Amino acid sequence: PVPHESHPHPHTTSPPTPVDPRAALALASSLGTPLVDLTPDLVRLLLPADQDPYPTPTPHPGWSLGMSAPVTPADWPAADTQAARALARAVATRVPLVRHTARTTLTALISPQDAEAHARTLLAPVAGNPALTETLRTWLSLHGSWDRTAVALGVHRNTVRQRIARCAALLGTDLDDPDVRMELWFALREPPGGEA
């Protein structure tokens, strides 16, 4: 049993194929924990967080690891959720290890593929017009300022107003609504396909 004064750090790992119990136990041993929960496609470990420096797991080749923040035993269910989200992020981004951070961004909660699909669907009505999408992106980044957007794009202020009105009409939405602006900003943050 884990003493109350230690703060275990739930850790979830996902191998590419069914779990090899020997590999899972080797990982647990290398991290100094006997607390292992094995399922056919997932390994959960509880790590003592009272070690300094805290042990950083080294994933076996092809494994993905997700780690929660250190917690007290009362918070193990929340930490299990954190570890599962970190694992999903590791798998989605194809990195071996993702640690839960105290500040989770919206983008961290959604896989890149899901975010791109949502952005593609949301922006489809304006996607064929680069001038509209760039005007919308710039206008949102400048908090709806007509003048600053016009300067940034090198166009007249009325051109910005006309383009934004056209975007609102094509998207069928109210661009004065902060929720709508947030969703559009999220969709416009990265062009489809991750091209920067």
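The values are calculated or read from the model by the stated rules, or taken from the named source; none is laboratory data. Bear in mind the structure is a predicted one, so any value in this text is a computation, not a measurement. Methodologically, a virtual Cβ is constructed for each residue, glycine included, from the backbone with ideal geometry; neighbour enumeration extends over all protein chains shown. With ligands, DNA and RNA removed, areas are computed over all heavy atoms of the protein, side chains included. Shrake-Rupley method; radii C 1.70, N 1.55, O 1.52, S 1.80 Å.
Before moving on, here are some points about what is shown:
- Qualifying residue in the range 9-17 (condition: open to solvent by less than 10 Å² (accessible area, probe 1.4 Å), more than 23 Å from the chain's Cα centre (by Cα), at negative phi and at pLDDT below 75): no
- Verdict on Val160 being crowded, with 16+ Cβ neighbours inside 10 Å, within 30 Å of Thr93 (Cα to Cα) and aliphatic (A, V, I, L, M): no
- Filter pass, Leu184 being outside any helix (DSSP H, G or I) and either more than 15 Å from His143 (Cα to Cα) or open to solvent by less than 60 Å² (accessible area, probe 1.4 Å) (or both): no
- Which listed residue, of Leu122, Leu140, Leu170, Leu153, is over 26 Å from Thr93 (Cα atoms), within 27 Å of the chain's Cα centre (by Cα) and either of a type in the set (A, V, I, L, M, F, W, C) or at pLDDT 95 or above (or both): Leu140
Results for (1) over 30 Å from Leu42 (Cα atoms); (2) touching a helix residue (DSSP H, G or I) at 6+ places or on another chain (Cβ under 6 Å); (3) open to solvent by 80 Å² or more (accessible area, probe 1.4 Å), shown as yes or no for each residue.
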site	(1), (2), (3)
Ala88	no, no, no
Val95	no, no, no
Ile110	no, no, no
Ala117	no, no, no
Ala124	yes, no, no
Leu136	yes, yes, no
Ala150	yes, yes, no
Leu170	yes, yes, no
Asp179	yes, no, yes
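- Counting only helices (runs of 4 or more DSSP H) that sit completely within the range 107-170, those holding 2 or more residues that are closer than 15 Å to Glu183 by Cβ and not aliphatic (A, V, I, L, M) correspond to 112-127, 130-141.
- Only one of Asp41, Asp52, Asp37 that is farther than 18 Å from Pro77 by Cβ, at pLDDT 65 or above, open to solvent by 10 Å² or more (accessible area, probe 1.4 Å) and acidic (Asp, Glu): Asp41
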